Amino acid sequence: MALWDRLKESASTMQTQLMAKKNELTSGAFRDASMAMCALVAAADGTVDASERQRVTQLIATNEVLQNFDAADLQRRFEANLDKLAADFALGKVGVMQEIAKAKKKPAEARAVVQIGIVIGGADGDFDKTEQAIVREACYTLDLPPHEFDL
């Protein structure tokens, strides 16, 4: 199977798994961590272009799990995390990882945050090495084994 097909299949599988847990994923910690993860993946290469912002905006608008939350609030949180990363990526990354760590207490939420990172990373059809490394680092922050997510 080609890498592109595996990526599409993996993102689809992750989305299915997220949907199965939709009713469990309603806490503020999950909300904050998922928007931090989106910002971190979008900024993984050091820049955030309009298409990356659009992918996250589309995810916020269409993802049934994220519809547990107010879309405008999610967008504000995503943008605030992006602002931290844009101002000083290294320092901003520390703060964003702290937001991601909020989901550590509940394993289902922690896994869902990683899955959202994979869905965002693969949304453009190219879950590149930089994005994979960022999601892998988030796995360590959440005390999850990266190999569980093929990272």
(request) Sticking with the crude label model, points 7 Å out along Cα→Cβ, report the distance from THR57 to ASP88 in nm, one decimal please. (result) 3.0
(request) Would you mind computing, in nm to one decimal, how far apart the modelled labels at GLU24 and ALA108 are, each placed 7 Å from Cα along Cα→Cβ? (result) 0.4
(request) Please report, in debye to the nearest 20, how large the charge dipole of the range 62-136 is about its Cα centre when each Lys and Arg carries +1 at its beta carbon and each Asp and Glu carries -1 there. (result) 500
(request) Kindly write out, for the range 134-141 in residue order, the coupling ³J(HN,Hα) from the Karplus curve 6.51 cos²θ - 1.76 cosθ + 1.60 (θ = phi - 60°), rounded to whole Hz, with x marking Gly and Pro. (result) 5, 5, 4, 4, 5, 4, 5, 4
(request) Please report, largest first and rounded to whole Å, the three semi-axes of the ellipsoid equivalent to the range 58-147, where each semi-axis is the square root of five times an eigenvalue of the C-alpha gyration tensor. (result) 18, 17, 15
(request) Order the peptides 49-56, 102-109 from the highest to the lowest mean number of other Cβ atoms within 10 Å of their residues. (result) 102-109, 49-56
(request) Can you send over the solvent-accessible area of THR26, 1.4 Å probe, protein chains only, in Å² to the nearest 10? (result) 80
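The values are calculated or read from the model by the stated rules, or taken from the named source; none is laboratory data. Everything quoted here is computed from the prediction, not taken from an experiment. Positions of Cβ are backbone-derived with ideal geometry, glycine not excepted, and every protein chain shown enters the neighbour counts. The accessibility values were calculated without ligands, DNA or RNA, using every heavy atom of the protein model including side chains. Shrake-Rupley method; radii C 1.70, N 1.55, O 1.52, S 1.80 Å.
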